[in-house]
Amino acid sequence: IGESIRSVIKTPQVKTPIKRGLPANALRFVIIAYTISGFISLAYEVAWGRLMVLYVIGNVYAFSLMLSVYLTGLVVGAALASAWIRRRGASLALFGWLEMGIGLLAVLSLFIFSRLSGMKYSALFGDYNMGKAILYESLLSFMTIFPVTLAIGAVFPVAVSLYSSEQAAVVGLKISRISALNTAGSILGALLAGFVIIPLLGLQYTV
């Protein structure tokens, strides 16, 4: 019996590996970049809303439809990125590629916007009615901003995973902190885009 007790005591305990966090300078980079990302994302939304009004039929519904597509892109992008993280994990490289992708897709959206005038409602849907008009305007929104919002939505779970290191003891604090700073950036982005940047630079150069 004594031998059995000694063997139990000496048996090493299996510990669940703890995910190592990023260095402090990398954590600062993530939270600063994600704050700036919030600023830019809402500035884009304001600019896209102004651009969309130039091409739609019913201005009353244009912003609501554009916002619906914007939010849909965020949800789908976040879901896809979360699935990726569960399988392969998050990395600074993934975070960087997503942020660069947002910028490149936003520039590409300008080329798409410039060609919307060639899409005639009558050629696609024939006679006018409200249902067809809403479908037409939704199609324009999906073509122009949905790809960008996918990337914007995907950034959130990646940033949270990197900043929190997925450690249960701090994940709530880290998520609240990074979300608060992103929201503060978003508020500034919406205000400055609408009242300062677009009036000074115009829509094209704002994007």
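Just so you know, the Cα atoms of the stretch 27-115 work out to an Rg and Dmax of 15.2, 46 Å. Count Lys and Arg as plus one, Asp and Glu as minus one, and take only other residues whose Cβ is under 14 Å from that of T183; the net charge is then 0. Whole-Hz Karplus values for the stretch 180-197 come out as 5, 5, 5, 5, 4, x, 5, 4, 5, x, 5, 5, 5, 5, x, 9, 10, 5 Hz, taken residue by residue from phi with 6.51 cos²θ - 1.76 cosθ + 1.60 and θ = phi - 60°; glycine and proline positions read x. Sorting the segments 132-145, 90-103 by their mean number of nearby beta carbons within 10 angstrom, highest to lowest, gives 132-145, 90-103.
Read the figures in this text as sums done on the coordinates, not as results from a lab. Here the structure is a predicted model, which is why all the values come from computation and not from measurement. Here the Cβ is made from the backbone with ideal geometry for all residues, glycine too, and neighbour counts use every protein chain on show.
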